[in-house]
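Working notes, structure below.
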Amino acid sequence: GAGVSQSPSNKVTEKGKDVELRCDPISGHTALYWYRQSLGQGLEFLIYFQGNSAPDKSGLPSDRFSAERTGGSVSTLTIQRTQQEDSAVYLCASRRGGLDGELFFGEGSRLTVL
Amino acid sequence: SQQGEEDPQALSIQEGENATMNCSYKTSINNLQWYRQNSGRGLVHLILIRSNEREKHSGRLRVTLDTSKKSSSLLITASRAADTASYFCATDGREYGNKLVFGAGTILRVKS
């Protein structure tokens with residue numbers, strides 16, 4: 001596609017359920033990022049994939065959070081046993097590669113945990 | 001922890017005025033970027049300035065970088081109501097594993 005695509009755009013779930021958020025980056029972009037943005041706040045780094053290297057998971061807030069990137073393309077962020085504090089917008093971004101350059105963001109997945 | 005901190009947190013100006021937002025950071029960087037976010041949307045890249053550059057222009061945007069003070073400023077000239085958005089700086093530095101770290105943002109409101 002022309003841009004970064006995220007799904008679902010909105011997800012409402014009950015506390016304790018698992019959720020999966022999907023990100024389809026721009027074709028050919030080797031770097032992929034997940035960020036979390038709580039209401040009115042800045043972006044909190046979660047995880048970073050670069051090519052075939054081991055991902056940088058240093059931002060994942062707990063072991064309930066995990067992410068994978070299959071075939072160097074699509075990524076899935078999984079949150080197990082969701083809590084109300086997990087409610088936020090989850091943003092995915094990709095970039096062409098290398099060590100710098102602009103990020104291209106998706107529109108985000110808004111997660112609400114009741 | 002956040003690398004960049006924007007100042008002010010919120011700014012309200014009249015259409016036609018200039019808007020200046022500042023960003024301070026803590027560690028050495030490879031480059032600094034500014035992004036814009038309209039309410040409820042993803043972020044859009046505005047401009048990138050490298051650590052060996054001092055000033056950069058793009059249309060009505062002017063970005064400066066002072067690595068000795070670890071600070072940057074974004075100037076939007078002749079603002080328009082459509083410039084109303086949140087603006088974030090992001091830094092890309094070796095000490096953060098070369099991942100892009102964002103500040104908390106400045107909310108800009110341009111009144112028509």
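Here are some notes:
- Volume per residue of the convex hull around the Cα atoms, evaluated for the protein assembly as shown, comes out as 120 Å³.
- Within the same chain, lysines fewer than 8 places from A:Lys17 are excluded, and of the rest, those with a Cα less than 28 Å from its Cα are A:Lys57.
- Largest-first ellipsoid semi-axes for chain B, taking √(5λ) over the Cα gyration tensor eigenvalues, angstrom: 23, 15, 11
- Sequentially through the range A:103-108, phi angles give Karplus couplings (6.51, -1.76, 1.60; θ = phi - 60°) of 8, 10, 9, x, 7, x Hz, Gly and Pro residues having no value and appearing as x.
- From phi via Karplus (6.51, -1.76, 1.60), per-residue ³J(HN,Hα) for the range B:53-62 in Hz, x at Gly/Pro: 9, 10, 8, 8, 10, 8, x, 8, 9, 9
- Backbone N within the range B:98-112 under 13 Å of label point (7 Å from B:Gln14 Cα along the Cβ vector): B:111-112
- In terms of overall dimensions, the C-alpha atoms belonging to chain A reach 39, 26, 25 Å along their principal axes, ordered largest to smallest.
Any read-out appearing in this document is the output of simple, stated calculations on the displayed coordinates, not a laboratory observation. Remember, predicted model here, so these are calculated numbers, not experimental data. Ideal geometry is used to build each Cβ from the backbone, glycine not excepted, and the neighbour counts take in all protein chains shown.
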